[in-house]
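See below for the structure under consideration.
Throughout, read-outs are computed from the coordinates displayed, never taken from laboratory work. The structure displayed is predicted, hence computed values, not measured ones. Note that we place each Cβ from the backbone using ideal geometry, even for glycine, and neighbour counts take in every protein chain shown.
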Amino acid sequence: MGSLISSAVCSSLSGIGGLLRLRASFLPFTILNCEVARNGLLIFVEPQRLKERWEGAQSGPKRVLKTSLEACVLYCQRIALIVLLLAFLSPAAFACPGTSEHGLNTPKGLFRPSQRVYGADLSQEVFKAVSEDICKQLVVDLTAYGERPSSSSANEQARSWIRDQLTSVSNGRIQVEVLGGRMSVVGRLPGWAPQPAPAFIVGGHYDTVSVSPGANDDAVGVAAMLEVARVMSSHEWPLDIYFCAWNAEEIGLVGSNEVAAILDARGVNILQYFNVDMLLVADKEASSDARVLVAYNKDAQATYQDSQYYAELMKMMSNNFGTNLIKTVSSKAAPFWWASDHVSFIENGYEEVLFAFESGSDNDDAYHTSADTWDNPSYNFTLAQETTASVAASMAFTMAHIYGEPASLMMSDGIPPYGSETYYVAITTPTVLAVTAYWNLGSPQFSLYAPSGTLLGTFQGTTPQSNQTVFNVTVATNGLYKLKVSNPDGGKSSVQTRIQYNTDIEGDGISDRYQYWSLTGLYNTDSDGDSLNDAYEIIIGTSPSNPDSDSDSLPDGWEITNGFNPLIPDSLLDTDKDGLCNLYEFLNGTDPRNNDSDFDRMPDGWELEHGLNPLSDDSALDADMDGISNIEEYLMGLDPQVFDAHTSAAYTDVAMPIALISIISAAAIIAARQTRKSWKT
């Protein structure tokens, strides 16, 4: 018997949980029924009752036979219990395949430092995250090194400070190097999209003339670059973003020219370079929407998408989220166009550049003087903050693109009585401009204007509406369109507006709806056969060539479909608490989020452990033919595969007749004794 018990124990523990039954060959019933749970616990079930009917039993008192058998059962139980408890000294006996000392949630070296962005428009979030105080403090810190001519010790110290800042603000995510003989600082925040994919660049120069600490020229440009780095590095974007601090700008744009040539040799495709050089002085005579100028490349070779679009995108961000202080100008009408670092990129074959600079350059008396200090009373750091925010938001909006979907803007504002809100949208290709709105107060009026200022249409709202179509207008001209939402009534009005349209930001004649940079050809490919296309695998961070990226024996596609993380091993978890770990749910085809996949009121784990089908309603069946249905066996805590005599028809067929015979016999004996007594008397 000992070898029999040991064999049964080993057999049971070699699997992952299950039902352990010990049966002595000389006994017609199970002596120990023990469930080995997947969490390593044992749940004992009472010994099974005698299954044979008592008629035809061997001679001798039945009670004696029953008592002897039950004593044997108790003895065997105790032996088996000791063996099982000893088995617990080796926890590995109960481990599911794939467990390790690292635990269930260890991602096996996978590095996911931040939120991966796909299809999420974070433009307003990053716009609001840019801090005027931080921009100003960065200027204070950089100018503390004093004058920084390109070969000076102060220049070297400033360079080290910039390198440290790029590392610090990004928690080490930005990869920093010093390039060129003039030692320009170049940081790269890697995008998750594979190469070749285009990149954004933002930069300013850190050197100065020999007599100036260069707060406005151009510590503010470096500060803008560092603040964009801080804000953008909190997310994982699809495209690379370069953060550059040029040296030797003041002696002929030398540093930026070196780096532009290096990037060209490396095959870097630039989507847009945002050059920031002097922002702090506004033209006192200019209108409020022209306090900062953004010049776009108007060379004969440059298309609208190469440069003008991004200048207008910056104005769109400044207007929709800020105070609308940006004015776009053509390079042909821009002062100092040929005097800053974006020119180096044009000379190296890049047309995708723009130049953000101050509108008050004509009355900037501190230019190239010792008065160019951070505390100059004519400097306005709000201009730097909103320009920097517009750069970051323009990048974020561009990378909000999602394959198969149009571009979308969502605005929500409370409009005061007799007031209005104006929204801009930059159009890059002929498209339908679809405007829908929701309002619960007032009767707002909508007006749509072309880039030329021509009124394209109006719509008068009436009673409160939900998802009201306002415009479906076909537009064919590239440029900045304006939607004005007015409240002509004296009461309050709250309006949510959505604008949808197609884009072609690269000007290749193909709608961006059907492209996603380097992923375009991968949306119809599944290299590893895990039911996830390769593009989607790259987006979420799984391997397109490995169907099980986290090596937990669960295919990536199955995990995504069932709401699990394919980058974290979770095969041993029991999400729905049905006694089956996720791996066994996968292997058995059950639902890991539903403890009763077939809705038959019996948990999946219980059904599998008792030989039933968790994918088919078998609650009304009687697997062991004992007259008790499977659902009744579950509710009564019985085994549906083991005949239950005391609670079945057999009990009625055997026990009741025996009891009746016993009663009749007892009555007969009593009657006989009474008869004898009466005879004696």
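When N counts the residues of the range 120-398, how does its alpha-carbon radius of gyration compare numerically with 2.2 N^0.38 Å, as a ratio?
Normalised Rg, Cα atoms only: 0.89.
Pick out, from Ile402, Val391, Gly414, the residue whose Cα sits farthest towards the positive end of the charge dipole of the range 390-508, with +1 on the Cβ of Lys and Arg and -1 on the Cβ of Asp and Glu.
Gly414
Among the listed pairs Lys315/Lys484; Lys284/Lys327; Lys128/Lys492; Lys128/Lys484; Lys128/Lys284, which are separated by more than 19 Å between their Cα atoms?
Beyond 19 Å between Cα atoms: Lys128/Lys492; Lys128/Lys484; Lys128/Lys284.
Among Val292, Val495, what is the fewest-to-most ranking by other Cβ atoms within 10 Å?
Val495, Val292
Take each of the peptides 217-225, 401-409, average the number of other beta-carbon atoms within 10 Å over its residues, and list them starting from the highest.
For the peptides 217-225, 401-409, the packing ranking is 217-225, 401-409.
Just rank Asp299, Asp598, fewest to most, by other beta-carbon atoms within 10 angstrom.
Asp299, Asp598
Test of understanding: express the Cα radius of gyration of the range 585-630 as a ratio to 2.2 N^0.38 Å, with N the residue count.
Expressed relative to 2.2 N^0.38 Å, the Cα Rg reads 1.12.
Ranked highest first by the average count of other Cβ atoms within 10 Å around their residues, in what order do 372-378, 508-514 fall?
Peptide ranking by packing, descending: 372-378, 508-514.
So what's the range 154-244 giving for Cα Rg divided by 2.2 N^0.38 Å, two decimals?
This ratio for the range 154-244 stands at 1.10.
³J(HN,Hα) across the range 266-273 via Karplus (A = 6.51, B = -1.76, C = 1.60, θ = phi - 60°), whole Hz, x for Gly/Pro?
Each residue's phi maps through the Karplus curve to give 7, x, 6, 9, 8, 7, 6, 9 Hz.
Mind ranking 305-318, 336-349 by how tightly packed they are, going by the mean number of other C-beta atoms within 10 angstrom, highest first?
Put in order of decreasing packing, that is 305-318, 336-349.
Please list the radius of gyration and Dmax for the range 407-502, considering alpha-carbon atoms only, with Å as the unit.
12.8, 39
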